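In what follows, a structure is listed as structure tokens, so that the remarks can point back to it.
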Amino acid sequence: DVKVTQSSRYLVKRTGEKVFLECVQDMDHENMFWYRQDPGLGLRLIYFSYDVKMKEKGDIPEGYSVSREKKERFSLILESASTNQTSMYLCASSLIGSKEQFFGPGTRLTVL
Amino acid sequence: GENVEQHPSTLSVQEGDSAVIKCTYSDSASNYFPWYKQELGKRPQLIIDIRSNVGEKKDQRIAVTLNKTAKHFSLHITETQPEDSAVYFCAASKGGSQGNLIFGKGTKLSVKP
């Protein structure tokens, strides 16, 4: 079974803090994705990566950056957290050439 | 870019009834259409998908239909059960190895016993 894990289920941070969300997958997937999920807005793609050290902007990259130093790990960084970044963050991975994405359990981030 | 519209946003049915969720997409180059189910507090999981060279696909009580001309696809759940209660997301993707999906906004299905 594919396993995608995220470093925290719940996180509370203060405005202006730098926040790191970690995602690890154990199935040697090339593609990794970061989404945010908000009620009524569905899943919106923040960034994705199709190889180590490669990254591409998704639909809502503003205020975020990412890092992929190793194939199994994809980090989402909030450079200076703001209250409008309070959300559920979901990581996903997929094999190159496959469209099926496997999701992590999510991190519910609250920015005060 | 691609845009996926999903309706309805909420759907309530009686146990045993059928449920239908519809999605439309804008980019005629899209060729892969998955459906994900997200139970409360859990991660989204793929339940069925269809490619553009197929008009219909069925898996037990779940079926998906695709109309390429009209650019819409639908999820059909028959004989609904309380465990079908969840949020369902449709998505669309074009060709290429990166596998980017554009998701609809989701449908919250409630099945009343």
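Just a few scattered comments:
- The residues of chain B expose, per residue, 51 Å² of accessible area to a 1.4 Å probe.
- When chains B and A come together, the accessible area they lose, probed at 1.4 Å and totalled over both chains, is close to 1800 Å².
- Pairs exceeding 20 Å between alpha-carbon atoms, taken from B:K71/B:K108; A:K99/B:K94; A:K3/B:K42; B:K42/B:K105; A:K13/A:K70: B:K71/B:K108; A:K13/A:K70.
- Summed over the residues of chain A and divided among them, the accessible surface reaches 48 Å² per residue at a probe radius of 1.4 Å.
- Buried on assembly, region A:66-112 (at least 40 Å² less accessible surface than by itself, 1.4 Å probe): A:K99, A:E100, A:Q101, A:F103
- Number of partner chain Cβ atoms within 10 Å, mean per residue of B:78-91: 1
- Neighbour count of at most 11 Cβ within 10 Å plus DSSP loop: longest trypsin sites (Lys or Arg not before Pro)-free window in chain A: A:54-112
- Counting only protein heavy atoms and a probe of 1.4 Å, the accessible surface of the protein assembly as shown is 48% carbon and sulfur.
- Dividing the Cα radius of gyration of chain B by its Kirkwood radius returns 0.96 for Rg/Rh.
The values are calculated or read from the model by the stated rules, or taken from the named source; none is laboratory data. As the structure is a computational prediction, the values presented were derived from the model and not from experiment. Quick reminder, even Gly has a Cβ in these numbers, built from the backbone with ideal geometry, and neighbours come from all protein chains shown. For the accessible areas, the whole protein counts, side chains as well, though only heavy atoms, and no ligand, DNA or RNA atoms are used. Shrake-Rupley method; radii C 1.70, N 1.55, O 1.52, S 1.80 Å.
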